[in-house]
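Take a look at the structure set out below.
Please treat every number below as a calculation from the coordinates, not as lab data. Everything numeric in this text was worked out from a predicted model, so none of it was measured. Methodologically, a virtual Cβ is constructed for each residue, glycine included, from the backbone with ideal geometry; neighbour enumeration extends over all protein chains shown.
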Amino acid sequence: MGGVSPKIHQWMFKQKAFWKHLNMEGGEEYGADSKLIDDVLARAGAYIMGKRMFDEGEVCWPEDIFKADVYVLTHEKREPWVQKGTTTFYFVNDGIESALEKARQSAGEKDIRIQGGADTIQQYLNAGLIDEFFIHIAPVFLGSGLRLFDGIDNDKYNMEITEVIPSDLVTHLRYKLTKK
């Protein structure tokens, strides 16, 4: 992330809820950001992510970081990575719809969280498969990289801001999407 990842995620690292989720001690505060973390993680029943995000995290993530099944979009053939606890990474080679169907089976009635990178999120947005998302805006200039909303079909959705959560290091915006 161009060396700015610590700055972008600083708000999260300060939160007791973040460290509690990792089964670790840490964090300085339990405020609006921690409540958001608790809520989002409690609602998550499965995750989908791109291979680049997985590659960056694999080397440093602690065991059972997601506490749910994670479906990694990739061209690489790989056996599932079963962590201690309840996190298993599955490597999906047959497209976003396949990953979504597998995640639905894992998640049950809970949410499916689609996480980075931008290409993965763009694919799901353009396929009309997103109904809600959060944007976390931290005061950091990135300078380069993939733009999250590049190439998105402007006529696919109506967007509505349903929640704004301000804090010292970040502003969280929750959007509801409905298909036009």
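Structure values in brief
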quantity: Cβ-defined net charge surrounding Asn126, 10 Å radius [Lys, Arg +1; Asp, Glu -1]; calculated: 0
quantity: Pairwise label distance in nanometres, Glu25 with Ala42, each label 7 Å out on the Cα-Cβ vector; calculated: 2.5
quantity: Reference-scaled alpha-carbon Rg (2.2 N^0.38 Å with N residues) for the range 5-179; calculated: 1.03
quantity: Val4 paired with Phe149, simple spin-label distance in nm, labels 7 Å along Cα-to-beta-carbon; calculated: 1.7
quantity: Centroid-to-centroid separation of the range 12-47 and the range 80-120 [C-alpha atoms, Å]; calculated: 20
quantity: Residue exposure sequence - Ile8, Ile135, Ile37 - by fewest surrounding Cβ within 10 Å; calculated: Ile135, Ile8, Ile37
quantity: J(HN,Hα) series, the range 95-111, from Karplus relation 6.51 cos²θ - 1.76 cosθ + 1.60, nearest Hz, glycine and proline x; calculated: x, 5, 5, 4, 4, 5, 5, 5, 5, 4, 5, 6, 6, x, 8, 7, 6
quantity: Mean Cα-pair separation over length for the range 3-63, i.e. relative contact order, pairs under 8 Å, 6 or more apart, %; calculated: 24
quantity: Met49, Met12, Met24 arranged by Cβ crowding within 10 Å, fewest neighbours leading; calculated: Met24, Met12, Met49
quantity: Count of Lys pairs (Cα-Cα under 17 Å; at least 8 positions apart or interchain) in the range 5-179; calculated: 15
quantity: Ile114, Ile161 arranged by Cβ crowding within 10 Å, fewest neighbours leading; calculated: Ile161, Ile114
quantity: Sorted peptide list for 166-179, 65-78, criterion being average Cβ within 10 angstrom, highest first; calculated: 65-78, 166-179
